[in-house]
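Input: a single structure, listed below in structure tokens.
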Amino acid sequence: MPAPALSVKNLALTHAGRQLVHPLTFTIQWAESVALLGASGSGKSLTASALTGTVPEGITASGEISLGTAFRPGDCGSAEGNAGAALISQDSQTSLNPLVPVGKQLVIPLRRAGLSRTEARREAALLLAQAGIDDPATILPRYTGELSGGQLQRVCIALALACRTEVLVADEPTTALDAVTRHTVLASLRSWVSKGRTLLFITHDLAAAAALCNRALVMEGGHVVEDAPMAELLLNPRHPYTKRLVHAASAAPPHAGTAVAA
């Protein structure tokens, strides 16, 4: 049986002696799309940082993560994260270089992947379109300070896709998007997974997770409290926190809390 795309063993994160994420152990198979669900403060984003080698300063990480090759979760990654996984960060403001045009930032990983300069520019425009940018040609020469929050988040999505890794960790990628762009981004991520790649989709939006993922891990207070196929979790949640999560999602209007001016 082939090794999983992502294997996590006893991943734990602490700060000043306080346990933020308790030891986690789970695996994700190739071409699997898995949601990591939970409220703010549950440990989802810290887990994402460990998986991509971008643990914040001051956080102590332990355990073992395997993305093709094993590495320690406290190891620093490149600007794009660990070589085996790309990260769509929740904080788009700090994920992009304000001194470099958007197009150049997208071209760098594409050139590293072997594309010519012309091919990389063409691919950069295509990735922006896939991320929901209507007119990529006007965005490519701009700097981040000229873009709205929604546009910045879509650029971050395009940049992660440009890294061409087999594993993508998406940390709340639809939070700052309007409903139409949200749909476009989810379709782009679904297409990305359909090519045999692996996605960990971190969100508090159960509707988005259900539209994209076939399995879910639920976090509460730094613990994974439930791990189940998405359909089973929606129909028969077992943990009390998961039951509250499903009930709240079923009672909320469609896309409530997910739309922000783009």
_Can you tell me which of (1) at pLDDT below 90; (2) under 18 Å from the mean Cα position of the chain (by Cα); (3) assigned to a strand (DSSP E or B) is the one residue 26 doesn't meet?_
(1)
*Restricting attention to strands (runs of 3 or more DSSP E) lying wholly within the range 132-236, give those where 2 or more residues are over 28 Å from residue 104 (Cβ atoms) and not small (Gly, Ala, Ser).*
198-203, 215-220, 223-229
*Residues of the range 58-87 satisfying the condition of being more than 16 Å from the chain's Cα centre (by Cα), at pLDDT below 90 and acidic (Asp, Glu)*: 75
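If the requirement is being at pLDDT 85 or above, among the aliphatic types (A, V, I, L, M) and open to solvent by 40 Å² or more (accessible area, probe 1.4 Å), which of these qualifies: 235, 186, 161, 199? Walk me through it before giving the result.
On the way: 186 fails: open to solvent by 40 Å² or more (accessible area, probe 1.4 Å); 161 fails: open to solvent by 40 Å² or more (accessible area, probe 1.4 Å); 199 fails: open to solvent by 40 Å² or more (accessible area, probe 1.4 Å).
On inspection, the qualifying residue turns out to be 235.
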_Options 37, 6, 20, 51: the member that is within 18 Å of the chain's Cα centre (by Cα), closer than 23 Å to residue 242 by Cα and either open to solvent by 70 Å² or more (accessible area, probe 1.4 Å) or touching a residue at least 60 places away in the same chain (Cβ under 8 Å) (or both)_ = 37
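Scan 170, 228 and give me the residue that is open to solvent by less than 30 Å² (accessible area, probe 1.4 Å), at pLDDT 95 or above and out of contact with any Ser or Thr (no Cβ under 7 Å at 6 or more places or on another chain). Lay out the reasoning, then the answer.
Details: 170 fails: at pLDDT 95 or above.
Only one candidate qualifies: 228.
The values are calculated or read from the model by the stated rules, or taken from the named source; none is laboratory data. For clarity, every value in this text was computed on a predicted model and none was experimentally measured. Using ideal geometry, Cβ is built from the backbone for each residue, glycine included, and neighbour counts are taken over all protein chains shown. Ligands, DNA and RNA are stripped out before the accessible areas are found, and what is left, the full protein with its side chains, is counted by its heavy atoms. Shrake-Rupley method; radii C 1.70, N 1.55, O 1.52, S 1.80 Å.
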